[in-house]
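The values are calculated or read from the model by the stated rules, or taken from the named source; none is laboratory data. Predicted model only: the values in this text are computed from it and were never measured. Positions of Cβ are backbone-derived with ideal geometry, glycine not excepted, and every protein chain shown enters the neighbour counts. Calculation scope for accessible area: heavy atoms of the full protein, side chains included, ligands and nucleic acids excluded. Shrake-Rupley method; radii C 1.70, N 1.55, O 1.52, S 1.80 Å.
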Amino acid sequence: DKGPFRHFMLKEIHEQPEGLSRVIGTILDRPSMSLLPPPALPFRFSDLKQVSIVGCGTAYLAGATAKYWFERFARLPVQVEIASEMRYREPPLDPGELALFISQSGETADTLAALRYCRAADQHVIAVVNVPQSSIAREADVALPLMCGPEIGVASTKAFTAQLTVLLGLALQAARDRGTIEQERLDSLLEALCRLPAAISATLELDDELKGVSRVLARARNVLFLGRGLHYPIALEGALKLKEISYIHAEGYAAGELKHGPIALVEEAVPVVVLAPSDELSEKTFSNMQEVAARGAPVILVTDEAGRSAGTALGAHILTLPTTDPALSPIISAVAVQLLAYHTATQLGADVDQPRNLAKSVTVE
Ligand code: F6R
């Protein structure tokens, strides 16, 4: 049942505040504002030397975002792996280390095969899944649920932000257990996590603006998404979402890579979506934005109040997202790129719930 929404995808985008609130309830004890213990884990974070995070598509990109959190807060090196690459590359693995498998459906064949490979190497296997009785959930040592309800739209939306939130919770747990985060920093992150559902609701209220800006994308044949740090994986996700439902060719790039090739594509007909909520790297991204604007590209700047002025002078289309702790801002910009893709695709008359050639659950390799 789509309720008042035209598509399941839009309904699921709007379910994010409620779903995230539910999953945050498993991470954070609200009265005391402290971390809840995760379900009994068969290892101690303080004994780990590294973590692998494995998935496909959007789930892989949740892992690519979480890499920054685990490395920054828990000082744990992370390899992020595309499941179909890992399973055939057969990398050497150290027993006793942690492998995290991310999957909405819990049935993705490549992810399941990679899980079996890590398990055979005696690694600890945790799954982050939406379907608790799925194969990946059953074969893991521990399955952490996304609690966002069934996802029907083929393009993953609410599962992605739930994956991010669960992974952030784990990274904070790891940081606390390893003694790599100051209590004050942890408290401020938990505070921001508590306010996240409200920030997502405020982002959904920008729907009309996002719809307006998506007209710029709907006219294009090629779109570039740029981001740095935590926003680089979200740039990849924005491009993935746009191409899969609108059939417009889109590429996500690390903003610092612009000069190393993709700037050759930049011209008046190629809109560039710049993801740069203010953080310690946003100034650098703004310089990249100036480079594309100077070449005539229409710029869509996704930022927050503090970042607005950088776009004003360039005549960019500016989307001002709610201000949050910079560590959490990718979860908010993820919602903005979902709506951009949605509105672009619907303006082009595409069937966003059933994009051509795609299946919701990829159980064959
Ligand atoms: C993109 C999308 C896919 C899935 C991928 C993994 O919107 O939905 O890229 O993320 O097929 O699926 P799961 O998470 O079920 O393993």
- Message: Testing Ala359 on (1) open to solvent by 50 Å² or more (accessible area, probe 1.4 Å); (2) among the small types (Gly, Ala, Ser); (3) within 29 Å of Glu268 (Cβ to Cβ), one condition comes back false. Which one is that?
- Response: (3)
- Note on the structure: Of the residues in the range 192-237, those that are in contact with a Lys or Arg (Cβ under 7 Å, 6 or more places away or on another chain) and under 21 Å from Glu18 (Cα atoms) come to Cys194
- Quick one: which helices (runs of 4 or more DSSP H) sit completely within the range 249-365 and have at least 3 residues that are within 23 Å of the chain's Cα centre (by Cα) and aliphatic (A, V, I, L, M)? 329-347
- Filtering the range 116-133 down to residues that are within 11 Å of the ligand (Cβ to nearest atom) and surrounded by 22 or more Cβ atoms within 10 Å (Cβ to Cβ) yields Ala127, Val128, Val129, Asn130
- Considering residues that are touching a Leu at 6+ places or on another chain (Cβ under 9 Å) and in a loop (DSSP other than H, G, I, E, B), the number found within the range 135-146 is 2
- Query: Among (1) closer than 20 Å to Thr165 by Cβ; (2) more than 16 Å from the ligand (Cβ to nearest atom); (3) of a type in the set (Lys, Arg), which single condition is Lys2 missing?
  - Reply: (1)
- Item | Members of the range 23-48 found to be in contact with a Gly (Cβ under 9 Å, 6 or more places away or on another chain) and not hydroxyl-bearing (Ser, Thr, Tyr), listed by number | Val23, Ile24, Ile27, Leu28, Leu35, Leu36, Pro38, Phe43, Asp47, Leu48
- Message: If I filter the range 347-365 down to residues being more than 16 Å from the ligand (Cβ to nearest atom) and either touching a residue at least 24 places away in the same chain (Cβ under 8 Å) or among the polar types (S, T, N, Q) (or both), which single residue comes out as farthest from Glu12 (Cα to Cα)?
- Response: Leu348
- Query: Restricting the range 141-158 to residues that are within 13 Å of the ligand (Cβ to nearest atom) and of a type in the set (Gly, Ala, Ser), which is most open to solvent (accessible area, probe 1.4 Å)?
  - Reply: Ser156
- Check whether at least one residue in the range 230-245 is open to solvent by less than 10 Å² (accessible area, probe 1.4 Å), under 16 Å from the mean Cα position of the chain (by Cα), within 16 Å of the ligand (Cβ to nearest atom) and of a type in the set (Val, Ile, Thr), and report yes or no. yes
